[in-house]
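Below is one structure, written out as structure tokens; comments come after it.
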Amino acid sequence: GGAEYLFACGLGQPEQAASTAARLLGREPKAVLAFADHHAYAQKDVERMELAARQAGVAGAEHVVVTAKDAVKLARLQGTSRFWMLAARPVFGPSLWSDEPFDAWFTRRFEELAARHREEYRAEILK
């Protein structure tokens, strides 16, 4: 479902980001426009995105999807107010090596490390 869209990003692995967008949005992008990782966007890039969307048969700027990282950089440029930001958040699923939930594992591990560092600190003070 959903409208066709152009996915644009300036990431080291644009294919992976486009795949994530497809999973989250329920369909593959009509086209992907990849910029170099850490790209410093300029107004000509916005125009390039709009042109690429039109060439791909996508309606226009209202159907351009960018990553959150790119949206921050693009926000200052004209013509981006109709772009959509893909906001992905990490969700920890089951562990590959344990049945212990992530929150329980992280709390236990943090407490183990904190206890070890407290012991090392006390030993250093008592020297």
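Among residues of the range 28-44 that are over 16 Å from A75 (Cα atoms) and of a type outside the set (G, A, S), those with a Cβ under 8 angstrom from a residue that is outside any loop (DSSP other than H, G, I, E, B) and open to solvent by 70 Å² or more (accessible area, probe 1.4 Å), sequence gap 6+ or separate chain, pair up as V32/E15; L33/R48.
Of the residues examined, R122 is not one that is open to solvent by 100 Å² or more (accessible area, probe 1.4 Å) and within 24 Å of A8 (Cα to Cα).
The residues listed here are A56, A88; of these, the one that is within 13 Å of the chain's Cα centre (by Cα), surrounded by 12 or more Cβ atoms within 10 Å (Cβ to Cβ) and within 29 Å of A3 (Cβ to Cβ) is A88. Scanning the range 91-108 for residues that are modelled with pLDDT under 90, of a type outside the set (A, V, I, L, M) and open to solvent by less than 100 Å² (accessible area, probe 1.4 Å), we see that the one that is nearest to H39 (Cα to Cα) is G93. Of all residues in the range 38-53, those satisfying the criterion of being outside any helix (DSSP H, G or I) and open to solvent by 20 Å² or more (accessible area, probe 1.4 Å) are H38, H39, A40, A42. Checked against the criterion of being of a type outside the set (S, T, N, Q), in contact with a helix residue (DSSP H, G or I) (Cβ under 7 Å, 6 or more places away or on another chain) and under 24 Å from M49 (Cβ atoms), the range 92-107 contains not a single residue that satisfies it. The set of residues in the range 72-90 being part of a loop (DSSP other than H, G, I, E, B), of a type outside the set (A, V, I, L, M, F, W, C) and within 18 Å of H39 (Cβ to Cβ) consists of R76, Q78, G79, T80.
The values are calculated or read from the model by the stated rules, or taken from the named source; none is laboratory data. Keep in mind it's a predicted model, so treat the numbers as computed, not measured. No Cβ is skipped: glycine too gets one built from the backbone with ideal geometry, and neighbour counts run over all protein chains shown. Surface areas here come from the heavy atoms of the whole protein model, side chains and all, with no ligands, DNA or RNA. Shrake-Rupley method; radii C 1.70, N 1.55, O 1.52, S 1.80 Å.
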